[in-house]
Amino acid sequence: MSANTFFEERRKDRAAEREEDRRDREFEREEARQERRERKAERRRRRAELRRSRTALYAKSRNGSDTIGALAVVLCSVIPSMYFQLRALDGQSLPALISLCLSVMLECGPWVATVAGERAKRADRPVTPFRLAMWGCASFAAAINFSHAPGAPWLAWVLAASSYGGVFFWELRGWGRTKSRSTRTKSQRRNRRRDRRHDRRRRRRFPIVHRRYVDILTATAVDALDREEAWRRAWRDVHGAAVGVTAPVLAARVSADKALATAVEDAEMTPESIAVELLIDSLFGTGRGDDGPAGGPSDESPSGGPRGGAHGAKTLGRKGKRVIRTGSGRTAPKTPERPLDEADLARVRALADMLGGAAKLSVKTVGEVVGGGNTRYLMALRDAVRAERKRIR
């Protein structure tokens, strides 16, 4: 190996070592920068947590300011009350331990009832027994302080008030935190009164259904079943029908349906014919209805000419009966056989198209279209149109 080659290799090795050292230093600097970034992020996280904790503590203290004030009033009320009770009991030559126990009992008894009443209120249980015990114990302690107060007479009232002060202000705090009946809106109170009145009317008017309704609500869990759904079930259990429907109501409905069917049959009318008659009146405006007088005058025939010829005959209602007045004033029935008028045929064809076929034509509907006439003439018009439609098919 020549000297030049040796020195060239040596130079390359040193360059590689320097490059490696440079990379190591760069890696170390990057690690240091990463550590600094992590430390900064940790400091920011801790500051954020501290700010959140301070905010939560401030919000809690602000929301619990009434509790803090009530506790201060309680301490300032209980301490002097216990002191004067101890003095009163010591004056009766009792041991100090017994006096202390009795004074603690008198002052802590109301607070036991107060705390128990708060828990009952939060659990939505009756609180009346706890309230009676609280005010009874407080009144007993106030009577002792009032009767054994030293000094001026007004001090007796102050000491009596100190026995009431703690429980009163703690109860006042509870009234401010708990919703009561007075917090309901006027609309809510009105709706509640309306619901109670409605329930009373149901109970008086339908006692059997109401008893079944109460049984259903009692058998299910509280608020597990809607009250109106329970009433519908009770009604169906008792009457076997929808709400408001009873056996007499169903009997009356059946009787009314039978009476209506009989009336329609006697009048030779069906609901379909009534609907067609109304439709014809609205479309053609015949100006002739069932309410008009029978035998009303008709000056023209459907084709525009005079009806009944020179004798001035009149039509009688929808039966098509015509009368001919003679010279002596007597009338004689006449049922002329006359050819079918093309205008009447056109009207009947239009009616058949409107009804959806000639098979649905009837003498009554044909008479409505052509403005009345002889029954044979109306039947001839109907049959002619039916025959035309059959030939077309």
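Structural remarks
- Per-residue ³J(HN,Hα) for segment 237-254, Karplus 6.51 cos²θ - 1.76 cosθ + 1.60, θ = phi - 60°, Hz, x for Gly and Pro: 5, 7, 9, x, 8, 5, 4, x, 10, 10, 4, x, 5, 5, 4, 5, 5, 4
- FRET efficiency estimate (nearest 0.05) - Cβ-Cβ, GLN92 to ASP124, R0 41 angstrom: 0.40
- Note, ³J(HN,Hα) from phi for segment 161-171, Karplus 6.51, -1.76, 1.60, rounded to Hz, x at Gly and Pro: 5, 5, 6, 8, x, x, 5, 5, 6, 5, 5
- Once the Cβ-Cβ distance of HIS198 and LEU225 is raised to the sixth power relative to R0 = 25 Å, the FRET efficiency obtained is 0.90.
- Order by protection proxy (mean Cβ within 10 Å, highest first), peptides 360-373, 196-209, 13-26, 131-144: 360-373, 131-144, 196-209, 13-26
- Here the peptides 146-157, 163-174, 252-263 are ranked by packing, the mean other Cβ count within 10 Å, and the order with the highest first is 163-174, 146-157, 252-263.
- Between VAL243 and PHE7, the simple spin-label model (points 7 angstrom out along Cα→Cβ) gives 11.3 nm.
Read-outs throughout are calculated quantities, based only on the coordinates presented, and are distinct from any laboratory measurement. Just so it is clear, the structure is predicted and the values come from calculations on it, not from any experiment. As a convention, Cβ positions derive from the backbone with ideal geometry for all residues, glycine included, and neighbour counts pool all protein chains shown.
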